Structures are given as structure tokens and as C-alpha cells.
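Colleague: This is the structure, below, for whatever I ask next.
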Amino acid sequence: MSDASERPRPQYGEYATPEEQRARIQRPEVTESLDAGVAPQPVAEPAPTPAAPASGPRGPLWDRVLTFGLLVYGLVSTISTIVQLLDFPAYAETAAGILGVPDASYTNLTAGYVWGAAAALVYGIGWLATALLTWRRLRRGRIAFWIPLVGFVVTALIAGICVTIALVGDPQFMSSLMSSVPN
């Protein structure tokens, strides 16, 4: 084995410790001191400044605009639907009028209010879940416009089941609807 004194003198700091390397890179006067054979004067480290929060990657502008537009439209639609569903008998009678049966009257009030409230809750939770999933995807910089669309479809299907259960639960209302169907 060869002795450390037999090694060639480093030309580029190959044998420098990491601390010596950092000192020479950060402070040119340390390099001059070391070249002169004088020990550099230690300097107190400055307090680290808080780093600005790095914004994550951003997706395309068109996607963000379209996504926010769909979320806002969904919020307005969700609020108006919730208000309508909380008065379920009026909601059912309005739906019957749209279908061309103006004389249909919803009479199963208890089931109507329960299932109407359930459908309203589904719409509210569905919008919140959609907004949360959309926000998470946008933060990652991924395309997200499709999430509000899928969220609407899933929420409308589940809420539609609740509304259908309430409508089918009133035999008088269903017979009024069925009597107006042409044979």
C-alpha cells in the first residue's frame, strides 16, 4: 500500500472535504485564503429565508377555464335543484305538467319529502365530491374538464333513483301519469 504522502498533490480539489468544497464555491475569498495557505475565517451562516411556495405544474389554460365554467354552472344548477327538491310535491307536479299531465297531484307527502331530501343531499354531496376531485387533479397539472361532466352523470343517476322511488311510491300520481299515455 502506498502512503498518503506519495499521492500526487490534487489540482482541482479532488481530496477536499465536502465542507471545504462548499466553502470554496460559496465564498471566493476562501479560495484565495486557501491558495495563500491561510485558514479562512469562519462566517456565521445567514438565517434561511422561507422559500416561496412553489406552484405546482399548471395544465393548459383552456382546460382550467372550461373546468371552472363547468363547476360554476354545476353549482348554480345544484343549488336550484336542491331548492326544488326540498318541496317535492311541487317538484313532482311541475314534472307532470312538463310531461303534459297538468291535473296530476302528488299525494304521498311523507315519502316525497324524505326522498326529495335524499336526492337533494345526493346533489350537494355529488357537487362537493366533484369539486374536490377536480381541484386535486388541477393541482397536479392534469386535464380535468371531464371530471365535472362525469360527476354530473353519476350524481344525476343516483339522485334520479331517489326521485323515481318517490314518484313510484304514490299510486294515485302514477295512475294520473299512466292515464295520459296514449295507447
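Colleague: Hey, any hits in segment 24-34 for a residue that's modelled with pLDDT under 90, closer than 30 Å to I158 by Cβ and either part of a loop (DSSP other than H, G, I, E, B) or of a type in the set (S, T, Y) (or both)? Steps first, please.
Modeller: Filtering segment 24-34 for residues modelled with pLDDT under 90 gives 24-34.
Still in the running and closer than 30 Å to I158 by Cβ: none.
Checked segment 24-34: no residue is modelled with pLDDT under 90, closer than 30 Å to I158 by Cβ and either part of a loop (DSSP other than H, G, I, E, B) or of a type in the set (S, T, Y) (or both).
Colleague: Can you tell me which residue among V154, V150 is farther than 30 Å from S180 by Cβ, open to solvent by 50 Å² or more (accessible area, probe 1.4 Å) and over 14 Å from the mean Cα position of the chain (by Cα)? Before you say what the answer is, go through the steps one by one.
Modeller: Numbers: V150 fails: over 14 Å from the mean Cα position of the chain (by Cα).
Exactly one of V154, V150 is farther than 30 Å from S180 by Cβ, open to solvent by 50 Å² or more (accessible area, probe 1.4 Å) and over 14 Å from the mean Cα position of the chain (by Cα), namely V154.
Colleague: Continuing with the same structure: If you check T67, T94, which single one turns out to be of a type in the set (S, T, N, Q) and open to solvent by 50 Å² or more (accessible area, probe 1.4 Å)?
Modeller: Working: T67 fails: open to solvent by 50 Å² or more (accessible area, probe 1.4 Å).
Checking each option against the conditions leaves just T94.
Colleague: Continuing with the same structure: Hey, among G116, G124, G112, G100, which residue is out of contact with any helix residue (DSSP H, G or I) (no Cβ under 8 Å at 6 or more places or on another chain), open to solvent by less than 70 Å² (accessible area, probe 1.4 Å) and either on the phi > 0 side of the Ramachandran plot or not hydroxyl-bearing (S, T, Y) (or both)? Even if it seems obvious, please write down each step before you answer.
Modeller: Details: G116 fails: out of contact with any helix residue (DSSP H, G or I) (no Cβ under 8 Å at 6 or more places or on another chain); G124 fails: out of contact with any helix residue (DSSP H, G or I) (no Cβ under 8 Å at 6 or more places or on another chain); G112 fails: out of contact with any helix residue (DSSP H, G or I) (no Cβ under 8 Å at 6 or more places or on another chain).
Residue meeting the stated conditions: G100.
Colleague: Okay, moving on. Which ones in segment 138-147 are modelled with pLDDT of 95 or more and open to solvent by 80 Å² or more (accessible area, probe 1.4 Å)?
Modeller: Matches in segment 138-147: W146 only.
Colleague: From (1) crowded, with 21+ Cβ neighbours inside 10 Å; (2) in a helix (DSSP H, G or I), pick out the condition that doesn't hold for M174.
Modeller: For M174, the exception is condition (1).
The values are calculated or read from the model by the stated rules, or taken from the named source; none is laboratory data. What you see is a predicted model, and the numbers here were worked out from it, not measured in a lab. Please note: Cβ atoms are built from the backbone with ideal geometry, for glycine as well, and neighbour counts cover all protein chains shown. Surface areas here come from the heavy atoms of the whole protein model, side chains and all, with no ligands, DNA or RNA. Shrake-Rupley method; radii C 1.70, N 1.55, O 1.52, S 1.80 Å.
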